[in-house]
Amino acid sequence: MALRRNNNRENFSLDLTTCSDIIFTLLLFYILTQNFLPQTSLELPAIAGTEQSSNSPQRIEISATGQITWNGNTVASGTIVPLIQEKLAAASQSQVIIYAHGQSPAGISIELLDHLRRAGITSVAFAGKPAELNE
């Protein structure tokens, strides 16, 4: 004895005409009630030249050999403390970014951080150089 089911799926259909009418009506309602604001021009500040402003962060680089470079100028290891006191002591709100090479001695970075903290600089960030810039 074989049991048979009536397959009603062949006769099933869904009428989407009313659905598309409702979507079209909602779209019209949204467009007609939308408040269009006029575009206003926005003036951005001009980009400064190569000079370092007081708000721009100071860039300190430490090479793989431990050589310190301050904003592109090479600094002797004994003159870093007077340089910190000279350039940053007056502006305690200065920001400093230390770019350390992956193979640079960690002690130099820590000493540099200690000197900056003693000078009153509280905003110090460490960054690594990308591999293609490492020498």
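The values are calculated or read from the model by the stated rules, or taken from the named source; none is laboratory data. It should be emphasised that the depicted structure is a prediction, and the values quoted were computed from it without experimental measurement. Don't worry about glycine lacking a Cβ; one is built from the backbone with ideal geometry, like all the others, and counts go over all protein chains shown.
Of note:
- Taken over region 93-117, the residue count meeting the criterion of being more than 20 Å from Thr65 (Cβ to Cβ) and free of Cβ contacts under 8 Å to residues at least 12 places away in the same chain is 2.
- Yes/no for Ser63 being modelled with pLDDT under 75, hydroxyl-bearing (Ser, Thr, Tyr) and surrounded by 10 or more Cβ atoms within 10 Å (Cβ to Cβ): no
- Being at pLDDT below 70, of a type in the set (Ser, Thr, Tyr) and exposed (fewer than 10 other Cβ atoms within 10 Å of the Cβ) holds for only one residue in Ser13, Ser41, Ser54, and it is Ser54.
- Among the candidates Gly107, Gly102, the residue that is at pLDDT 75 or above, over 17 Å from Ser56 (Cβ atoms) and outside any helix (DSSP H, G or I) is uniquely Gly102.
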